[in-house]
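Data first, discussion second: the structure below is written as structure tokens.
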Amino acid sequence: MKALVTGASSGIGREIARVLAGQGVELILTARRADRLEALAKELSVPVRVLPADLSSKEGCLALYRSVQEEDVDILVNNAGFGLFGPFAESDLDRELEMIRTNIEAVQILSKLFLRDFRKKNRGYLLNVASSAGFFPGPLMATYYATKNYVLRLSEALSEELRREGSQVSVSVFCPGPVETEFNDVADVRFSLPGISAEYAARFAVRGMFRRKRVLVPGVSMKLARFGSRFVSEGMVLRMAYRMQSRKQEENRK
Ligand SMILES: NC(=O)c1ccc[n+]([C@@H]2O[C@H](COP(=O)([O-])OP(=O)(O)OC[C@H]3O[C@@H](n4cnc5c(N)ncnc54)[C@H](OP(=O)(O)O)[C@@H]3O)[C@@H](O)[C@H]2O)c1
């Protein structure tokens, strides 16, 4: 089997690459930091191709697809992404648009192109890394939460389309709460809850993907938060989400 993992230079993506390699899956690794990808490739004992790419542009995504098109990829892990903290009116527009292109557009483009190939072969796994942020609105991280809502809903819908046509292609969406990675430094935020390790997150995601589960939520607290939110009003969810997020702001000031 062969997998393309985006955002493999750090955090969850790097650990997913390690877990897949441990199961004998050949890898194509991508992110912008080529040196990190090369270092990871050296440590793995499966054939690895390193393909640095900036996925914040349509051209970057299309070029990546073209260079792996003939490689018979079985697994696509759309993991690259980042967050940004701050009140909407004050946060940087260009950085937000870059986030929308990376977190949404790249997922849209790569999912579509690879799913077309997977459907023809009637096999393949798509693993989209969303977030538990995908279950909620996210005041003070409004754009990031909205991107993850998009990825979650898109993935669920694709999964149902494929199920209805009796396809063997599987779509899973990974929705962790806080994970200890470089995410916080990039987003300029501190978690208000303790995070799980990237290694645990990756094992959980890969296991769920191979079991063809649709929505993958590690840990009891996030499962409870998702379930519990069904029983309170949207206004209440919003107020609770704001309180959680503003705690991050307080942590940031410490
Ligand atoms: N950490 C958390 O708490 C958490 C929770 C839920 C979901 N997630 C999601 O998990 C995914 C991975 O994040 P992480 O926590 O592992 O953070 P991370 O350690 O900062 O890793 C992010 C990865 O995305 C890549 N990336 C970012 N922008 C890119 C671009 N324009 N083109 C190509 N690659 C790009 C980075 O590589 P380069 O910088 O080398 O390009 C890096 O490999 C993200 O989608 C994130 O939203 C994270």
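The values are calculated or read from the model by the stated rules, or taken from the named source; none is laboratory data. No experiment lies behind these values; they were computed from the predicted model shown. Calculation scope for accessible area: heavy atoms of the full protein, side chains included, ligands and nucleic acids excluded. Shrake-Rupley method; radii C 1.70, N 1.55, O 1.52, S 1.80 Å.
When every alpha-carbon pair in segment 165-232 is counted, what percent end up more than 20 Å apart? Counting every Cα pair in segment 165-232, those more than 20 Å apart make up 41 percent. Please list, or write none, the lysines whose alpha carbon is within less than 23 Å of the alpha carbon of K121, excluding same-chain residues fewer than 8 places away. Within reach: K2, K112, K213. Under 16 Å between alpha carbons, and skipping anything fewer than 8 positions from K42 in its own chain: which aspartates and glutamates qualify? Once the sequence-local aspartates and glutamates are set aside, what remains near K42 is E15, E26.
Near the amide H of V215, within less than 5 Å, lie the amide hydrogens of V173, all on another chain or at least 5 residues away, with H placed in the peptide plane. Taking the 1.4 Å solvent-accessible surface of segment 94-201 as the whole, the part contributed by carbon and sulfur is 51%. All C-alpha pair distances within segment 42-119, sorted into 5 Å bins from zero, spread as 3, 13, 22, 20, 16, 12, 7, 4, 3, 0 percent across the bins.
Remark: the chain carries 49 Å² of accessible area per residue (probe radius 1.4 Å; ligands, DNA and RNA excluded).
Hey, how much of the P(r) for segment 1-158 falls beyond 18 Å, as a percent of Cα pairs? For segment 1-158, the share of Cα pairs beyond 18 Å comes to 58 percent.
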